[in-house]
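Written out below as structure tokens is the structure these notes cover.
No lab work stands behind these numbers, since they all come straight from the coordinates. These figures come from a predicted structure and were not determined experimentally. No Cβ is skipped: glycine too gets one built from the backbone with ideal geometry, and neighbour counts run over all protein chains shown.
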Amino acid sequence: MNKYVLGVVIAVFGTLVIAVSVGLKYSQASLLFGLVAAVSAPVVIHKISDVGWSIGMLMGLSFYASFPIKKLFQIDGIINEIPVTLVYVAVLWVIGLGWRRSWR
């Protein structure tokens, strides 16, 4: 496992534990999770050499960052959740400059 994968996983779970222990509201958690995902996106896209891991981590970050927004606006059901998650994937791809990476 790549040290960058481990660093992103620790950052994600660390902020999740902090958010639950402090009792953040969904609006506050959405800002915190979005910030962590935005900072982690360039690392996930450019520092992880395996394409499969990179795409998987980017999808994981989008699920992680979109969770509080889905709960805040009460977006339930897979049909309604998919567009929100795909918007987060697109935003994280743009933030991480995904078009500069060779995805082959």
| query | Based on the Kirkwood radius over alpha-carbon pairs, what is the Stokes-Einstein translational diffusion coefficient of the chain at 20 °C with 1.002 mPa s viscosity, in µm²/s? | reply | 153
| request: Before anything else, pin down the relative contact order of the chain: Cα pairs under 8 Å, at least 6 apart, normalised by residue count, whole percent. | output: 33
| query | Where a Cα-Cα gap under 27 Å defines reach, which lysines qualify for Lys47, not counting those fewer than 8 residues away within the same chain? | reply | Lys3
| request: At most 12 other Cβ atoms within 10 Å and a DSSP loop assignment: could you name the chymotrypsin sites (Phe, Trp or Tyr not before Pro) in the chain that fit? | output: Phe73, Trp103
| note | If one compares the long axis through the Cα atoms of helix 78-95 with the longest principal axis of the Cα atoms of the chain, the angle in degrees, nearest 10, works out at 50
| remark: The summed charge of the Leu32 Cβ neighbourhood (under 14 Å; Lys/Arg +1, Asp/Glu -1) stands at +2
| query | From the backbone phi of segment 28-38, what are the Karplus-calculated ³J(HN,Hα) couplings (6.51 cos²θ - 1.76 cosθ + 1.60, θ = phi - 60°) in whole Hz, Gly and Pro given as x? | reply | 6, 5, 5, 5, 5, 5, x, 5, 5, 5, 5
| Amide proton proximity set for Asn2, modelled H, under 5 Å, gap of 5+ | none
| message | How much of the pair distance distribution for segment 1-61 lies past 17 Å, counting alpha-carbon pairs only, in percent? | response | 38
| Roughly how many whole Å is it from the C-alpha centroid of segment 1-25 to that of segment 82-104? | 21
| said: Helix-only mean residue ellipticity at 222 nm, the chain, DSSP H runs n ≥ 4 weighted -39,500 (n - 2.57), per residue, nearest 500. What is it? | reply: -27000 deg cm²/dmol
| query | To the nearest 20 debye, what charge dipole does the chain have about its Cα centre, counting +1 at the Cβ of each Lys and Arg and -1 at the Cβ of each Asp and Glu? | reply | 260
